[in-house]
Amino acid sequence: MSTKKSQPTARPRERAFMVGVEIRQEPSLISMEDSLSELARLADTAGLEIVGETSQKLDTPNPNTYVGSGKVEEVVALVEETLTDVVLFDNELSPRHLRELEEKLGLHVRVVDRTALILDIFAQHAHTSEGILQVALAQYEYRLPRLTRAWTHLARQGGGGGGRAGSVGGVGLRGPGETQLEVDRREIRKRIKFLKDELEKVRAHRQRYRAQRKRSRIPLISLVGYTNAGKSTLLNYLTKSGVLVADQLFATLDPTTRKIILPGGHESLLTDTVGFIQKLPTQLVAAFQATLEEIAEADLLIHVVDITHPNALEQAKAVDQTLKDIKAEHIPMIVALNKIDNLPYPEAAQEALKYFPQAVAISALKGTGIPELLRMVEGELYENYVKISVQIPYSEGQLISLFHEQGHIEQIEHNRKGEFIKGQIPGRLLARYAAYQASAPPAEDITFVEE
């Protein structure tokens, strides 16, 4: 008789059914089919098992159920047939859409939209206190307008940041005639305020750190890119680090900064940041403001593109749009076309270069193309100069000094509001002067001119 102990069985995955909708008046970067494929990867990352899918093309969303009534009936039937636990919509649903769909599908089936799914993945992958605070804020901002009776008694769940970010204190007695739903809404608003206050402290700390870094004159390089493009692999190769690398979406949330030495001996800081994705929830962009400011304050961006992905160009456009959203599009950028070791033939990498300005083909895993990438980085940081005209207030004496130290000055005009300087600066410093660019000084204020 065997005495071998049986191993515990893994918990079965919840079964998910996907619904994709193409709104003709809202053009997307990628096709509905490709977007559903991406949703399936997100679902897998979240621990769900996809059991089926359906789709519909509409001119405008149905005001009640997002999809048409006939499609709702089809989904209800398919959900029963496939024993579905969760219905995933590849679009963000309004509170009304969620209520109506939940009523049609029944209490045993949860309706989850793309935004809620991404928020859930972020919650699973947040490990630092800052990451947990940011995700908790995004989740509560999303939940508040969608709160229903199914989400009651939230106040009894514990901590102020999803149970891990800290407590906001107990709940007071219910007022006369006040429903549990109203109590829950008030509690969520209280938690949102607490989380915002805590994140403001984080933001202030990051600002002090950035000010200290700027005084040290060490340039900051930020890795940006679509999720799973290989940013963490590149950081590990360049800095000999051990940052988590996983073949899944949003494996890395918390920013990681390491020091690197460029070929000419210059020191730089390299930061890996959260990956982007099309339809990135606005709640996440707002909640991760302190983290995303690391990108906006960088001296140089390395945009890592998975060149083997069939939608590589569209993914790159999604990243460019997000950079515009966080006001980082003006920062000098190098494009690293990654994973060329997985291309069917080497010529494909060279062919792809023509679609991207300032690009180099690399393999972050094998190290191919890395020397050329580093030479381009050093050239951008220390050799390429950009023409610029700025009006800098005297209160920003550090920026005035920096222009004198590292720029080539062609003209200075002193006035009551500060110094108007025309000349050239290293491209890596361009972001620092973005707020002060001016074509000419206020003429009536000029006191004297140097040339």
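Here's the yes/no breakdown for (1) within 24 Å of Asn236 (Cα to Cα); (2) in contact with a strand residue (DSSP E or B) (Cβ under 7 Å, 6 or more places away or on another chain); (3) part of a loop (DSSP other than H, G, I, E, B); (4) of a type outside the set (A, V, I, L, M, F, W, C):
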| position | (1), (2), (3), (4) |
| --- | --- |
| Gln321 | no, no, no, yes |
| Ala336 | yes, yes, no, no |
| Ala352 | no, yes, no, no |
| Tyr355 | no, no, yes, yes |
| Lys366 | yes, no, yes, yes |
| Glu378 | yes, no, no, yes |
### Query
When region 295-327 is examined, which residues are found to be under 30 Å from Tyr345 (Cα atoms) and of a type in the set (A, V, I, L, M)?
Leu301, Ile302, Val304, Val305, Ile307, Ala312, Leu313, Ala316, Ala318, Val319
### Query
Looking at region 113-124, which of its residues are of a type outside the set (Asp, Glu) and either surrounded by fewer than 20 Cβ atoms within 10 Å (Cβ to Cβ) or on the phi > 0 side of the Ramachandran plot (or both)?
Ala123, Gln124
### Query
Just for region 400-451: of the residues that are surrounded by 14 or more Cβ atoms within 10 Å (Cβ to Cβ) and of a type in the set (Val, Ile, Thr), which one is modelled with the lowest pLDDT?
Ile446
### Task
Name every residue in region 407-437 that is in contact with a His (Cβ under 7 Å, 6 or more places away or on another chain) and within 12 Å of Glu383 (Cα to Cα), in order of residue number.
Gln424
## Note on the structure
Pairs returned, first residue in region 190-219 that is within 18 Å of Glu267 (Cβ to Cβ) and surrounded by 11 or more Cβ atoms within 10 Å (Cβ to Cβ), second residue that is of a type in the set (Ser, Thr, Tyr) and at pLDDT 85 or above, beta-carbon separation under 6 angstrom, 6 or more apart or interchain, are Pro219/Ser268
### Task
Would you confirm whether any residue within region 304-311 is within 30 Å of Arg208 (Cβ to Cβ) and not assigned by TED's automatic domain parsing to the domain that holds Ser28?
yes
### Task
Quick one: count up the residues across region 51-79 that are touching a residue at least 40 places away in the same chain (Cβ under 8 Å) and aliphatic (A, V, I, L, M).
4
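The values are calculated or read from the model by the stated rules, or taken from the named source; none is laboratory data. The shown structure was predicted, so the numbers you read here are calculated from the model rather than taken from an experiment. Note that each Cβ is placed from the backbone with ideal geometry, even for glycine, and that neighbours are counted across all protein chains shown.
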